[in-house]
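These notes are about the structure you will find just below.
Just so it is clear, none of the values below were taken in a lab; they were calculated from the coordinates. Values in this document were obtained by computation on a predicted structure and should not be read as measured data. Please note: Cβ atoms are built from the backbone with ideal geometry, for glycine as well, and neighbour counts cover all protein chains shown.
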Amino acid sequence: MPGAVTHLEVAYKFAISNLPTNEHSLFYLGSIAPDAVNVDGFAEKKIRWSAHLRKSDLDLWEENVKSFYKYNAQLYEPGLLKGYVFHIITDIVWDRTYNPYLYKYLTLSGVKSDMLRTMRWSELHGYEESQLQSDWFVKCVIPQLIASVPADINSVSKLNIEQLKVQVINKDFPKAPPQQFLSREIMDTFYSDIIKTADIIL
């Protein structure tokens, strides 16, 4: 799955063209919220899958997300709900297409099977580190996150969301060498695919 910076970058690209400005703050917060269950360390599968509305079958997972959005429209603030669902859409698109591409690239590059997961995260963290001084992150997203007020959503507590929010604002991310595969072109294509899917659901 992508990290917080990737989730926020594509959320920013979606928000500026598709959402009223008064929803941006909670939309960005929602776009990282499902991963808040991992704020104190990688949560057990049951907790992660509940937070992400996860199903093994990607098509069923997408249907689960559509249902969650439809039946919770009156329960949560619009920006928070849309951001939460947008996060999961991003994960689905990643799992459906881009994660297999990345694993194939790493394998063809000679990475051994027992190191694939580690190197995948290194590639993602390298890309995300390259974005930490970008205007979209520093001038646009961070101020909106600072202004956001966490709330419980689905199985994720507002306390954990607040903890993750602080980590992001403080740029408390793993260090990694520059990425080799995740180019600007690949990421922009990934983001375009996410936004096309989100346009149908949200």
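Of the residues making up region 31-52, those that are touching a residue at least 60 places away in the same chain (Cβ under 8 Å), among the hydrophobic types (A, V, I, L, M, F, W, C) and over 12 Å from residue 153 (Cβ atoms) number 2.
A count restricted to region 33-56 and to residues that are in a helix (DSSP H, G or I), crowded, with 18+ Cβ neighbours inside 10 Å and not acidic (Asp, Glu) stands at 5.
For region 158-185, filtering for residues that are of a type in the set (S, T, N, Q) and either part of a helix (DSSP H, G or I) or buried (at least 18 other Cβ atoms within 10 Å of the Cβ) (or both) leaves 4. Taken together, the residues in region 18-28 that are touching a helix residue (DSSP H, G or I) at 6+ places or on another chain (Cβ under 8 Å), closer than 21 Å to residue 199 by Cβ and assigned to a helix (DSSP H, G or I) amount to 7. Just one of the numbered conditions (1) in contact with a strand residue (DSSP E or B) (Cβ under 9 Å, 6 or more places away or on another chain); (2) touching a residue at least 24 places away in the same chain (Cβ under 8 Å); (3) surrounded by fewer than 20 Cβ atoms within 10 Å (Cβ to Cβ) is not true of residue 75: (2). Region 57-109 holds helices (runs of 4 or more DSSP H) entirely within its bounds, and those carrying 2 or more residues that are within 24 Å of residue 125 (Cα to Cα) and not polar (S, T, N, Q) map to 78-93, 99-108.
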